[in-house]
Each structure stands twice: as C-alpha cells, then as structure tokens.
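Just so it is clear, none of the values below were taken in a lab; they were calculated from the coordinates. Nothing here was measured: the structure is a model prediction, and the numbers come from that model. Neighbour counts run over all protein chains shown; Cβ positions are idealised from the backbone, glycine included.
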Amino acid sequence: MALETSPDAPAAVRTIANGIASWINQLGAVWVEGQLTDVSIGRGTTTVFGTLRDTDADISLRFTCNRRVFEAVDPPVTDGSRVLVNAKPNFFARRGTLALAVSEIRHVGIGELLARIERLKQLLAAEGLFAAYRKKPLPFLPHTIGLVCGRDSAAERDVLENAKRRWPAVAFRVEYASVQGPAAAGEVMTALRRLDADEAVEVIVIARGGGSLEDLLPFSDEGLIRAVSKARTPVVSAIGHEPDSPLLDLVADLRASTPTDAAKRIVPDVREELDGVRLLRERGLRAITGWLDRETHALAAIRSRPSLAAPTTDLQRRSDEIAALLDRSRRTLTHRLDRAGDDLAHRLASVRALSPKATLERGYSVLQLADGTAVREVGQVSPGDVLNARVSDGRFDVEVQQDGK
Amino acid sequence: MTADRPEMSYEQAREELVEVVRKLEAGGTTLEESLALWERGEELAATCQQWLDGARKRLAEAQAAHTEKKPD
C-alpha cells in the first residue's frame, strides 16, 4: 500500500499519520522485558503513563497502561522495577506519538533475576574471570585512589573520610556515576575506563551503599564485569552491605564488605604504621644496647681477673719465689762455706801440726828414696844411692857415700 | 691489627682471651710462657675493647643521624 506522493501532490499530515497508525497497529502484542521509570498516575485519570527502559542499552519506549492493570500487580511495581509486560505498540495519530499499550504487567521475579545472575556467574567463572591467579595485589600506599560512586552519596563520604582519617595525605580522584537503574552499569564502566587510563591512579574503588537486589543489579552486569576483569589497575568492590554480593565482588581484586571497609583495606593506618616502626626501632635499639652492655661488663670482668689486671702480682710472686730461693741458697751456701772454712782451718791446723815444715825450718831435712819412701834407717840405703832431700824451702838430690853404723 | 677494624672478630678475640686467662690462672707455665700469655691477654682485651667501642660509636652515630632526619 505504497502511497504515491510528490511535491505536486503532497499527502496531508493526517494521511501520513493515519498510514503510520494503521501500519503499526497491525503489529500484534509482544512480551517485553524492561525497567519502569518516571511512572506517573494522573489523579482522576484511569491511565498510567511511564517509560519502559531497556535493561542494558540506553533505549526506552513510552507506555500507557490501564490503572486497574497497573495496580493489580502484587507486590506493586514502582519506578525502577524490572518487569515483563505484554504490550501492543500504538501510534496516536493526533499527536504522532508511539507508546506501548500495556495489557499485563509481571515482575521479573527476584528468583528469575537471581537465576539469571547465577547463569551469568557460571558462564564467567567458566571463562576464568574470577580465577584467583588474576587477582592483582593492592599497593600498600597508593599514590592516587580512584573512586567510582554516586554523587554526594553516603558511600563517597564513607570512603573519603575513613581513608583520610587513616592517612591524611591520601589523594583521591572521584568519578561520579549513577549507581542504580539501567544507565548505571554503562556509567560505571565509563568512569572505570577513565580512572584505569590515569597512570597516577593505583587502585580503583567502586562503592555503593545498600540497596535492593534490583538496585544492585548493575553491579552484576556482564559488560561491567568484563570491563573490570580487563582493567589494568586493581579494583576494589564495595557494594552494599555485608550480605550483598554482586558479581562485581567476584571479579574485583579485593572485595570489601562496605565502603568504610574498603577505605580501611586500601589505606594503611599511618599512625599505626608509624607506631609500629617506632616500636621496632626502639626494640632494636634496646636489644643492641643490651648486648653491648652485657659484653662490656663481661670484658671488664675478664680484664679485672688478677692474672690480667695485676700481672705484677704474678711476677711479684715469682720474684718472691726467686728471692726466697736465693736467700735459701745463700744461707745454705754461707753455712756450708763457713763449715768448709772451719773444716779447712782445722785441716790446715792439723796439716800444719803434722807438717814437717816447721821442723824443716828448724834445720831438719827429709830424705826420700826414689820411690818416695822416707829414709828412717841406715839399712834402707847403700852407698851410691841417689836420694832426694827436702828442706824447708825446696828439694835437691844427694848421694850416699858410705853406710854408717 | 688495623686501627679502626681489628682483624680478629670480636667473638674470636673474646674466646681466646678467656682461654689465655684460664691458662694463666692454672699456672704451671714457664716464666717466658706466662709473660707471653699475659701480653697476648692484653692484646686480645684491647681488640675486644676496640670492637665494643666501635659498635658504640656506630650506634651513637646512627642514632644521631636518626634524630637529625626526624621531620619536625
């Protein structure tokens, strides 16, 4: 049903509009999944208006829904709810607008959502994205900390304040991103990319306060998870409260339970560290001085030992010994000499007494035979014998002339 | 024995010193030997003292360096 138009025979707006309307209205109803946003229920009207946004892409469609259908959903759907709707596209010729005429709304069940996350988790785990060996160690003292969080969010305050309290000189580079709703995943990824590219940023924290499962859905978004696993800089996930554990927790290099916990884990408490260092230094000093004092005392003790300190005593003892020996030897010597002297004197006296010297001096002489025996009787000699005569001052030979009777 | 760092380690010097003193006190050594022992003892004691003084000096210097560097 091509409409023939030309500049000369233009179609009227209504013709076009009606054409479009009739074509579109031929489309049947479809089941669509999306997220409800800026839902408005006009007072006194029976129609609900709003936007149905794609869960991943930044595309949305207006929708209208009969109020009764809308309010029949239990638990009630609100802004941000993930829903399955049965709707027929409608084109309102008069205003030229298109909207989905919703005839049935269902929650995308929490169970369904969880199941979907679980499936994604298995898939990514199989690919090894969560493998331990991929976890990058965090720097002990990061130069600059990148922070992805909602603008003026509690998470931002928690991370900044706690980190500063522990290390006043900490530097942050904050990239804001919506942390809820369909655009969240995309914005967080952009912020992540920007921080990852910054050389100075040595660790990136993705922080968000608590929220419902749906609120935290973006942090299990496949695109975001893959981006984090490819990031060059270590990533810390600090999403929600302790029990919450979106897939981001598994791919991040460190999972912090809360933004505050993240601050504590990425920045050392400088005061604590300084105390620790000071303590170690003191202990080291005490140990070395203790050792030195002990050794010094030991050395002093050794040096004070008599054999070292007063060697003279030893020498003294030895010289005393010598002196004593000397003394004894002298005494015995003199004693012996004296005795020898006396003995000599006696002997001399007796020699002198026995000695013929005095007699010889009185003119006597002693005659000895050749063999030395003294001549006492004439019979011992015979004429011609040569005898030796000893007089007081010497000796001479004599010959026997005749024997006398 | 160089002036600042004695050849012998502190432990070696100390050990031999104890041995020398033990021998001297045990006696029974000739005069010559005990003199030599005594001289050796003095030398060893000096070595030990040098090691200990050196250590104290280095310690003091290190501490001084530390206090200088302390940021005000």
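With a 10 Å cut-off around each Cβ of B:48-56, the average count of Cβ atoms from other chains is 4.
Taking amide H as placed 1.01 Å from N in the peptide plane, A:GLU104 has its amide H under 5 Å from the amide H of A:ASN86, each at least 5 places away in sequence or on another chain. Of interest is the spacing of the C-alpha centroids, which for region A:361-405 and region A:154-182 amounts to 151 Å. Based on Cα contacts under 8 Å between residues 6+ apart, region A:251-405 shows a relative contact order of 11 percent.
Between amide H atoms placed 1.01 Å from N, distances below 5 Å from A:ALA177 occur with A:CYS149, A:GLY150, A:ARG151, all of them 5 or more places distant or on a separate chain.
At 0.36 nm per residue, and after removing the present C-alpha to C-alpha distance, how many nm does the segment from A:PHE49 to A:ASP393 gain when stretched out fully? Mind dumping the intermediate values first?
Details: separation 344, 0.36 × 344 = 123.84 nm, distance 17.74 nm.
Separation in residues times 0.36 nm, less the Cα-Cα distance, equals 106.1 nm.
At R0 = 56 Å, how high is the FRET efficiency between A:TRP291 and A:THR334 if r is their beta carbon distance? Nearest 0.05 is fine. Rounded to the nearest 0.05, the efficiency is 0.35.
Calculated over region A:255-323, the projected area of the Cα convex hull averaged across directions stands at 6.9 nm². In this label model, A:GLU71 and A:GLN26 are separated by 3.9 nm, measuring between points 7 Å along each Cα→Cβ vector.
For chain A, the longest stretch holding no GluC sites (Glu not before Pro) located in a DSSP loop with at most 14 other Cβ atoms within 10 Å is which?
Numbers: sites that count: A:GLU4, A:GLU127, A:GLU199, A:GLU377.
The reported range is A:200-376.
Peptide packing: for A:383-389, A:326-332, the average count of neighbouring Cβ atoms within 10 Å per residue gives the ranking A:383-389, A:326-332, highest mean first. Entry note, region A:5-140: relative contact order of 23 percent, from Cα contacts under 8 Å with a spacing of 6+ residues.
Which whole number gives the average, over all residues in A:295-308, of C-beta atoms from other chains lying within 10 Å of the residue C-beta? Before the final figure, lay out each step's value.
Numbers: counts 7, 6, 0, 5, 10, 2, 0, 9, 9, 0, 7, 3, 12, 11.
Per residue, the number of nearby Cβ atoms from other chains is 6 on average.
Dipole size in debye (nearest 20) for region A:312-405 around its Cα centre, Lys and Arg Cβ +1, Asp and Glu Cβ -1?
Details: 15 positive and 15 negative charges, 92 e Å.
Charge dipole, region A:312-405, about its Cα centre: 440 debye, nearest 20.
Taking every residue in B:58-68, how many Cβ atoms of other protein chains lie within 10 Å of its Cβ, on average? Let's see the in-between values first.
Values: counts 1, 4, 0, 0, 2, 3, 0, 0, 2, 0, 0.
Per-residue shielding by partner chains comes out at 1.
Using a cutoff of 8 angstrom between alpha carbon atoms and counting only pairs six or more residues apart, the relative contact order for chain A works out to 10 percent.
In this structure, the residue pairs whose Cα-Cα separation is over 21 Å, taken from B:LYS23/B:LYS57; A:LYS135/A:LYS230; A:LYS164/A:LYS264; A:LYS135/A:LYS264, are B:LYS23/B:LYS57.
Maximal additional length on extending the A:ARG157-A:ARG347 stretch stands at 55.3 nm, based on 0.36 nm per residue less the C-alpha distance. Counted by neighbouring Cβ atoms within 10 Å, the residues B:LEU31, A:LEU61 run from fewest to most as B:LEU31, A:LEU61.
Considering only beta bridges that DSSP places wholly inside the protein assembly as shown, some 65 percent are antiparallel.
Extending 7 Å from the Cα toward the beta-carbon at both A:ALA358 and B:LEU31 defines two label points whose distance is 5.2 nm.
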